[in-house]
Structures are given as structure tokens and as C-alpha cells.
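The values are calculated or read from the model by the stated rules, or taken from the named source; none is laboratory data. Just so it is clear, the model here is predicted, and its values are computed rather than measured. Positions of Cβ are generated from backbone atoms using ideal geometry, with glycine treated the same way; all protein chains shown enter the neighbour counts. Heads up: the accessible areas ignore ligands, DNA and RNA and are worked out on the full protein's heavy atoms, side chains in. Shrake-Rupley method; radii C 1.70, N 1.55, O 1.52, S 1.80 Å.
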Amino acid sequence: MARPRNKEVIHYHIMLFPAIVMLAIFCIYPTLGSVMAFKSFDPIKGIWGSPWVGLDNFRSLFEIPDFKRITVNTITISVVKIVLNVSCALAFALLLNETRVRWFKRSVQTVVYLPFFLSWVIMAGIFKDFFSVEGLINGMITRLSGHEPILFFTSKAWFMAIIYLTDVWKGFGFNAIVFLAALTSINPSLYEAAEVDGASRWKKLTHITLPSIRPTIVLILILSLQGILSGGFDQIFNLYNPLVYSVSDIYDTYIYRMGFQNNQYEFATAVGLFRSAVAFLFIFCSQWLAEKYGDYKVF
């Protein structure tokens, strides 16, 4: 088959040009500001006129006690979120797949998917009212057990539990749809043959269902690794407070405070550049693992 000549596809290039311009203006050009991480920023002199300090900002980053804390918090929160989201989505998809009432299955699938589209700004407001001292949860606790109200957002243990549970509630519906799509691709004759052999429902699950969707499970887990240094800024920023910084502060929230609240622009840029460099390595590792174990390739 002959390849199309440039004149035959020029209109596609013209359609793509505005998107390339927008990408260059809003994504590529701002990265030039990363040079601030190697300077002592002076607002009067600007980024390019500020004195060069080399790697001093990065040395300061590795020496401060907060560096270890935010690194551990970011990785811990991200890993727990990935495990909970994938496991809950998989369990829900397996249970919903056993439902034979089609209208009920579709209705439940739609309902659990809807929170995925809601902003964390809205969700945070709802959860703050829900778990406040005078909220619904504390109202039920005081009326049913007579216990004193629980300060959910000042207790480190309760706050992290809320972070994990609300993240699962909001996001597991998306992965569940992916798993349900994978379940529909399983050959029904495998289940029929297993039923003839007298296999129980558990045997069908462990010997047919899970091995058949294993590539999908592995792929979702591997691709989640590229966001392991994210931690979920929108959620944590809208819910946390200074009393729980020690367990909930992550790279993105720390960068925000250093840059916009403490006016340490060069130091915040250094933290962001370090985070981006490590995340870049995670992206390549996840792509390599996805190609090797998940039969998935982007590049």
C-alpha cells in the first residue's frame, strides 16, 4: 500500500497546528522557568538576571528534615491508594459480573462511576461537613453510643483513614469499568467446560476468571507507578491542615507552601524539578514493565 504524499495530508497538519502552538505556549515554554532552581531569585532582577548559585538549592533540599518526611509520605500514600483502588475495583467488578439482572448491573455501574467526575473541591466541602464535629457521623456517634465527638480532621490516624477511604470511593468506579470490560472478553465456553467437570464457583474464579484478566490487572498496577510521586494533591490540599502535616504532607503540597506562602520560589522550583526528574524515571520504568509483563507498549 502506497504511503500518502505530504500534499494529501496537509490539512491534517493544519488542524494539528493550533494544538501544537497551545502545547508550546502553556507546557513547553513554562519549563524554561526551571532554571530558577539553580539561582537565588530576585524579583527585581527577574529569573534571568538573578545570581547563579548552582546546586545550592538542591543541597538545602537534601539537608532539611522535611525532605525525608515528605518523601516517605508521598510514596506511602500513593502506594496505599494504588493497592486499595485496584483491589476494591477488582473485587467490585467480580461481584457485579456475577449479577444476571442486566438493568441492575448497568444502574450500579453508572452510580459508582459518577463520583469520578466530581471535583475534589466539591467533594472536600461535602466530606468536611460530613465528618465535622456537628456533622452526620459525629451526630450518630453521640446519639447512639453517647461517646464524645471525634475530631476526624485533627487526628492523624482518622485523617489518613478518611484520605484513603474517600479516594477509593471516588476513583474505584473507573478501574471497575476497565475490569468489567476485561471480564466480558473471557470465552464463556471455559465456564461451561468447568461446570461440566464439576468445578465450584470459587474454582472458576481462581482458575479461569483471574488468570484471564491477569494482564489487565498487571497493566493497571504498572501504569499506576508513573504517578507514585503525585499522592493526590487536589484531595490532600483541600482536606489537610497544619495538625496533620507530619503524615499527610506530600511533594506537591510542600512545593505549594514553599512557593506561594513562604515566597521561597527558587527552593520550591528545586523541589519540583527533583520530583519531576524522579517521576520521569518512574514513567520509563513503568513503560518497560508494562511492555514486559502487560504486553502493552506506548513508544
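Note on region 153-162: residues that are within 14 Å of P242 (Cβ to Cβ), hydrophobic (A, V, I, L, M, F, W, C) and either open to solvent by 40 Å² or more (accessible area, probe 1.4 Å) or assigned to a helix (DSSP H, G or I) (or both) total 1.
Within region 178-192, the set of residues being open to solvent by 50 Å² or more (accessible area, probe 1.4 Å) and either within 14 Å of L94 (Cα to Cα) or not charged (D, E, K, R) (or both) comprises V178, A181, T184, S185, N187, P188, S189, L190, Y191. Cβ separations smaller than 6 Å between residues 6+ apart or across chains give the following pairs from region 54-82 residues that are within 16 Å of I236 (Cα to Cα) to residues that are at pLDDT below 85: T74/L229; T74/G231; I77/G231; S78/I228; S78/G231; I82/S224.
Close contacts from region 251-267, counting a first residue that is closer than 17 Å to P51 by Cβ and a second that is part of a helix (DSSP H, G or I) and not hydroxyl-bearing (S, T, Y), with Cβ to Cβ under 6 Å and a gap of 6+ residues or different chains, come to Q264/M258; Y265/G259; E266/M36; E266/N57; F267/N57; F267/M258.
Within region 35-65, which residues are of a type in the set (V, I, T) and out of contact with any helix residue (DSSP H, G or I) (no Cβ under 7 Å at 6 or more places or on another chain)?
So in region 35-65, the residues of a type in the set (V, I, T) come out as 35, 44, 47, 53, 64.
I44, I64 - these are the residues of region 35-65 that are of a type in the set (V, I, T) and out of contact with any helix residue (DSSP H, G or I) (no Cβ under 7 Å at 6 or more places or on another chain).
For region 153-167, the set of residues classified as farther than 11 Å from L239 by Cα and out of contact with any Leu (no Cβ under 9 Å at 6 or more places or on another chain) consists of A157, A161, listed by residue number.
Among the residues of region 107-114, is there at least one that is assigned to a helix (DSSP H, G or I), open to solvent by 60 Å² or more (accessible area, probe 1.4 Å) and within 23 Å of R275 (Cβ to Cβ)? Working first, answer last.
At the first step, the residues of region 107-114 found to be assigned to a helix (DSSP H, G or I) are 107-114.
Next cut, open to solvent by 60 Å² or more (accessible area, probe 1.4 Å) only: 110-111, 114.
With within 23 Å of R275 (Cβ to Cβ) added as a condition, the list becomes none.
Scanning region 107-114, I find no residue that is assigned to a helix (DSSP H, G or I), open to solvent by 60 Å² or more (accessible area, probe 1.4 Å) and within 23 Å of R275 (Cβ to Cβ), so the answer is no.
Just to be sure, is L165 free of Cβ contacts under 8 Å to residues at least 24 places away in the same chain, in a helix (DSSP H, G or I) and under 24 Å from the mean Cα position of the chain (by Cα)? Answer is yes for this residue. Looking at region 218-233, is at least one residue open to solvent by 60 Å² or more (accessible area, probe 1.4 Å), closer than 18 Å to V178 by Cα and in a helix (DSSP H, G or I)? Yes, region 218-233 contains a residue that is open to solvent by 60 Å² or more (accessible area, probe 1.4 Å), closer than 18 Å to V178 by Cα and in a helix (DSSP H, G or I).
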